[in-house]
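Novice: What follows is a single structure, and I will ask about it in a moment.
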Amino acid sequence: MTSFLGMTRPPVGFGPGSQPDAEEEGLEYLPMPSGMRIYEPHLPEVADPARSAAALELLERLRSALAGWAAGQEIRLPLDGLDAPALSLVDEALGEGEVSVLVERAGDRLEIQEAALAGVWRVRPAGTGGRTGETLLVGAFPRVALNRAFPAAAGRRPAAEGAPAGLMNGLPILVELLDRSAAWTRGDAPHAVNFSLLPHTPEDLAFVEERLGQGATTILSRGYGNCRVTATATPNVWWVRYYNSVDTLILNTVEIVDVPAVVCAAAEDIADSAERLGEILSAIGGSGLTGERA
C-alpha cells in the first residue's frame, strides 16, 4: 500500500464506509408538542332577536364584567334564569377553551370548563340534573376549585419517617416539599422541584407521591400539547406534568403555589376577551341592548 505522509494505512475517517450514508436516519428526538390551539371566533345565528334578548343581555353583562375586571376579582353570573334556547345561544357564543377542571370529593363533584374567551369559566355541579346551578365566572382561575382542592385533614403534616429501603433521593425531596408547603403564604413566589432533571429512582417518585397524597382538583390544559395539573393532599402542593402530542411525559414537576400559572388567565387575556365578546355581540346584533359600550 502506498504510504500517505509516511503512514502505511489511511487515517481513520477516510475511505469507503467511513462516513454516514446519505440515506441513514439522523438523530432521533422525543416528539415535542404540536398542533397549538388558537382562538377561533364563532358567531351564532340569531333568527329572532326578541326571543334571544335574555341571552344577549347576559352576554352584554359578561362583556361589562370582563372589561371592568381587576386582578384578584371574581365575578359570578348565574345561568339559572335562562331557558334552553337562550342557553344554547350562550354556549355557541362562548365556545370551549383550553382548560378543563374536575373537582371531586365525597358526595360532591364540580365540572368547570374555560370558554374560548380566556378568563370566562363555566361551573356546573354534577348530579343535579339538567343544568341547574350552572354559573359563569370571570377571573384568573375559579376560586371554588382552589378552596376544595386540598382535604380538610391536610393541615396535618404528612410523615417523612418510615421511608422504605432502597430510596436514593426520595426522603430529602419529600422533606424539602413539606418544609416549603408549611412555610408558604399567599403572595410567595412559586417553588418548583423538577423531577425530569433531578436524579431519582421510580421508588423515589412513588414514595413522594404516596406521602403527598391526592387532592380533589384535577386540571387539564390543552394549549400546546397537554399539561395535567393535580392537587396533592398537602396544602398548595401540585403535580404539574407536561405531555407531548403523542401523550409522552416530557416534563414532571411539583410546584408549591396557590395555583400553577400555566392554568390561569392573564390580565391581558381577560382584556382581550372583553374586546372579542364585544365584537361577537356587535356581529350578532347585540350592540344596541344596553346603549353605548364603555
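The values are calculated or read from the model by the stated rules, or taken from the named source; none is laboratory data. Keep in mind the model is a prediction, meaning the values are calculated, not measured. Reconstructed Cβ throughout: ideal geometry from the backbone, glycine too, with neighbour counts over all protein chains shown.
Novice: Starting from segment 266-277, keep only residues that are over 12 Å from residue 141 (Cα atoms), then list their pairs with residues that are surrounded by 17 or more Cβ atoms within 10 Å (Cβ to Cβ) and not hydrophobic (A, V, I, L, M, F, W, C) whose Cβ atoms are within a distance under 8 Å, requiring at least 6 positions of separation or different chains.
Specialist: 269/119; 273/119; 274/63; 277/63
Novice: Any idea which of (1) within 29 Å of residue 273 (Cα to Cα); (2) modelled with pLDDT under 65 is the one residue 53 doesn't satisfy?
Specialist: All conditions pass for residue 53, except number (2).
Novice: Ok, one more. For segment 156-168, state whether one or more residues are in a loop (DSSP other than H, G, I, E, B), touching a Ser or Thr at 6+ places or on another chain (Cβ under 7 Å) and either of a type in the set (Gly, Ala, Ser) or in the same structural domain as residue 110 (by TED's automatic domain parsing) (or both).
Specialist: no
Novice: Return only the number of the condition from (1) under 26 Å from residue 70 (Cβ atoms); (2) aliphatic (A, V, I, L, M); (3) surrounded by fewer than 16 Cβ atoms within 10 Å (Cβ to Cβ) that residue 136 does not satisfy.
Specialist: Only one criterion in (1) under 26 Å from residue 70 (Cβ atoms); (2) aliphatic (A, V, I, L, M); (3) surrounded by fewer than 16 Cβ atoms within 10 Å (Cβ to Cβ) is unmet by residue 136, namely (3).
Novice: Considering only residues that are in a helix (DSSP H, G or I) and in contact with a strand residue (DSSP E or B) (Cβ under 7 Å, 6 or more places away or on another chain), look in segment 63-85 and name the one that is nearest to residue 118 (Cα to Cα).
Specialist: By that ranking, first place goes to 66.
Novice: Sticking with this one: Please indicate, with yes or no, whether at least one residue in segment 201-213 is in contact with a strand residue (DSSP E or B) (Cβ under 6 Å, 6 or more places away or on another chain), closer than 16 Å to residue 252 by Cα, outside the structural domain of residue 108 (by TED's automatic domain parsing) and surrounded by fewer than 18 Cβ atoms within 10 Å (Cβ to Cβ).
Specialist: No - not one qualifying residue is present in segment 201-213.
Novice: Condition first: out of contact with any Gly (no Cβ under 7 Å at 6 or more places or on another chain) and part of a helix (DSSP H, G or I). Now tell me which residues in segment 180-206 satisfy that.
Specialist: 180, 181, 182, 183, 202, 205, 206
Novice: Taking segment 182-232, which residues are in contact with a His (Cβ under 9 Å, 6 or more places away or on another chain) and of a type outside the set (Phe, Trp, Tyr)?
Specialist: 208 - this is the single residue of segment 182-232 that is in contact with a His (Cβ under 9 Å, 6 or more places away or on another chain) and of a type outside the set (Phe, Trp, Tyr).
Novice: What about residue 280, is it closer than 30 Å to residue 56 by Cβ and surrounded by 14 or more Cβ atoms within 10 Å (Cβ to Cβ)?
Specialist: Considered against the rule, which asks whether it is closer than 30 Å to residue 56 by Cβ and surrounded by 14 or more Cβ atoms within 10 Å (Cβ to Cβ), residue 280 comes out as yes.
Novice: Moving to a separate point now. For residue 245, all conditions in the list (1) outside any loop (DSSP other than H, G, I, E, B); (2) at pLDDT below 95; (3) of a type in the set (Ser, Thr, Tyr) hold save one; what is the number of the exception?
Specialist: (1)
Novice: Quick one: residue 97 ticks every box in (1) surrounded by 14 or more Cβ atoms within 10 Å (Cβ to Cβ); (2) out of contact with any strand residue (DSSP E or B) (no Cβ under 6 Å at 6 or more places or on another chain); (3) among the small types (Gly, Ala, Ser); (4) modelled with pLDDT of 90 or more bar one, so which box is it?
Specialist: Status for residue 97: all satisfied but (2).
Novice: Just to check your reading of the model, which residue among 270, 219 is in the same structural domain as residue 116 (by TED's automatic domain parsing) and β-branched (Val, Ile, Thr)?
Specialist: None of the other options fit; the residue is 270.
Novice: I want to confirm something. Restricting to segment 207-242 and keeping residues that are part of a loop (DSSP other than H, G, I, E, B) and among the hydrophobic types (A, V, I, L, M, F, W, C), which single residue is nearest to residue 263 (Cα to Cα)?
Specialist: So the residue we want is 216.
Novice: Still on this structure, I have one more. Quickly run through segment 100-115 and pick out the residues that are crowded, with 21+ Cβ neighbours inside 10 Å and in a loop (DSSP other than H, G, I, E, B).
Specialist: The answer is 115, and nothing else.
Novice: Filter segment 222-249 for residues that are touching a Pro at 6+ places or on another chain (Cβ under 8 Å) and of a type in the set (Val, Ile, Thr); which is farthest from residue 100 (Cα to Cα)?
Specialist: Checked segment 222-249; the qualifying residue farthest from residue 100 (Cα to Cα) is 234.
Novice: Being surrounded by fewer than 18 Cβ atoms within 10 Å (Cβ to Cβ) and without any contact (Cβ under 8 Å) to a residue 40 or more places away in the chain is the filter here, so list the residues in segment 172-187 that pass it.
Specialist: 172, 175, 176, 179, 182, 183, 185, 187 - these are the residues of segment 172-187 that are surrounded by fewer than 18 Cβ atoms within 10 Å (Cβ to Cβ) and without any contact (Cβ under 8 Å) to a residue 40 or more places away in the chain.
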